[in-house]
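Trainee: Dropping a structure here in structure tokens format, bear with me for questions.
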Amino acid sequence: RKNYARDSISSISETSQYHVEHLTTFVLDRKEAMITVDDGIRKLKLLDAKGKVWTQDMILQVDDKAVCLVDLESKNELENFPLSTIQHCQAVMNACNYNSILALICKEPTQNKPDLHLFQCDEVKATLIHEDIESAISDSKSGKQKKRLETLRMISKADSAIPPPPRAPAPVPPGTITQVDVRSRVAAWSAWASEQGDYEKHRQYHEQEETAEMIAARIDRDVQILNHILDDIEYFVTKLQKAAEAFAELSKRKKTKKSKKKGPGEGVLTLRAKPPPPDEFVDCFQKFKHGFNLLAKLKFHIQNPSAADLVHFLFTPLHMVVQTTGGPELASTVLSPLLTKDTIDFLRYTVTSEEGQLWMSLGDSWTKARAEWPKDHFIPPYVPRFRNGWEPPLLNFMGAPKEQELNHLAESVANVAEQQRKQEMKRLSSE
């Protein structure tokens, strides 16, 4: 991506390309108090504060005739803004969390009101892309290709310039490969072992010495993990809603439109209407299951809302995500993490009849604890990964087994996984 601008600037066609993130599009309307770029930035800040800005990666392409938006994956053209339709172009730097914004105000002859498009530009700064577009507009008006060539040379030099040294001190070097590898492997082993009911045995020795402070630290850690799970589920569900809104808007436009020609903004809407990939749905289902396990553990420790309240709260988005995937088929394939026996008992006691029907429809991977599965049935380890990169704090009072023992444990888990993979490959090849 970083090479788009550099490669294209050196080409003969004088078509430059930049990797950008489309933030949002507003219709400029006096009734909505949306007249200037500043109004748009103000509204963007409000949306960002509510977590309602959904960025969409794309390529912004500039040539001597138009500014185009291109799908990063398919390379299909999403939007085409002829230079004559661009009423205003502006770079807005360090105004909010999005610190390098390119603002484009465009109005096609068929439109009643102009659109304001906002893009975040990280790899090549908004000021440079703004210079490129302005020089293209200037050359287009004068009929001479003079100003843009100079601008492209300037952008090329700026893009390849060596950045200034960082002001902050150098980061602390990471541990050795062995240390990092052991830590991640053992995290995976702990999750795997806990699902098999062996975790209690592993920590019995430490439990005798656990103080009230240690118990409080454990509860606090679980609550933090639960909060991050709820945040990620909420984010994903809102993402689905945004895709559904874009799809509905697209359908409405197509019904009312007389010609088959693509209207302004329809290309971006088509991209935004695409649902998330299957692996994101799987990740969300895993977080629902992990969330239920945590609620069962915390049922005596949290109030307002209680664990039972949060179970009811989670079933609403769970129902929506299951519906979005066309039924329980995908969710039923999500094996890890298994629900614990305690979680299954807690849910049986807590759920309404309607919630219970949904839960039972998801099959054995949601309704059977580890003891009900064959002992040789490998359950993959589950270590949650959070959208914002957050990692749970380490509990330092679990004791420190020797590195050799940890390696041994990690290797035994890896061996089981490898054995399972070979069996699966053998089965598939024989089929």
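The values are calculated or read from the model by the stated rules, or taken from the named source; none is laboratory data. Nothing here was measured: the structure is a model prediction, and the numbers come from that model. We place every Cβ from the backbone using ideal geometry, glycine too, and count neighbours over all the protein chains shown. For accessibility, only protein heavy atoms count, side chains too; no ligands or nucleic acids. Shrake-Rupley method; radii C 1.70, N 1.55, O 1.52, S 1.80 Å.
Trainee: Taking the conditions exactly as written (farther than 25 Å from Asp279 by Cα and not polar (S, T, N, Q)), does Leu347 satisfy them or not?
Mentor: yes
Trainee: Among Val334, Val321, Val282, which is the only one that is closer than 20 Å to Gly363 by Cβ, open to solvent by 20 Å² or more (accessible area, probe 1.4 Å) and either not assigned by the TED database to the domain that holds Arg387 or not polar (S, T, N, Q) (or both)?
Mentor: Result of the check over Val334, Val321, Val282: Val282.
Trainee: Right, another one. Just give me the residues in segment 143-152 being on the phi < 0 side of the Ramachandran plot and either without any contact (Cβ under 8 Å) to a residue 60 or more places away in the chain or of a type in the set (A, V, I, L, M) (or both), in sequence order.
Mentor: Passing the criteria: Lys144, Lys146, Lys147, Leu149, Glu150, Thr151, Leu152.
Trainee: Looking only at segment 253-276, how many residues end up being modelled with pLDDT of 75 or more and open to solvent by 60 Å² or more (accessible area, probe 1.4 Å)?
Mentor: Going through segment 253-276 one residue at a time, the tally reaches 3.
Trainee: Related question: Enumerate the pairs (first residue in segment 23-36 and in the same structural domain as Leu102 (by the TED database); second residue anywhere and open to solvent by 80 Å² or more (accessible area, probe 1.4 Å) and part of a helix (DSSP H, G or I)) with beta-carbon separation below 6 Å, excluding pairs fewer than 6 apart on the same chain, so at least 6 apart or on different chains.
Mentor: Matching pairs, first to second residue: none at all.
Trainee: Is it the case that Ile129 is closer than 18 Å to Glu79 by Cα, of a type in the set (Val, Ile, Thr), at pLDDT 85 or above and surrounded by 22 or more Cβ atoms within 10 Å (Cβ to Cβ)?
Mentor: Criteria met by Ile129.
Trainee: Give me a count of the residues in segment 46-99 that are assigned to a loop (DSSP other than H, G, I, E, B), without any contact (Cβ under 8 Å) to a residue 12 or more places away in the chain and small (Gly, Ala, Ser).
Mentor: Going through segment 46-99 one residue at a time, the tally reaches 1.
Trainee: Out of Ser135, Ser142, I need the residue that is surrounded by 14 or more Cβ atoms within 10 Å (Cβ to Cβ) and more than 24 Å from Arg30 (Cα to Cα). Which one?
Mentor: One residue alone meets the criteria, Ser135.
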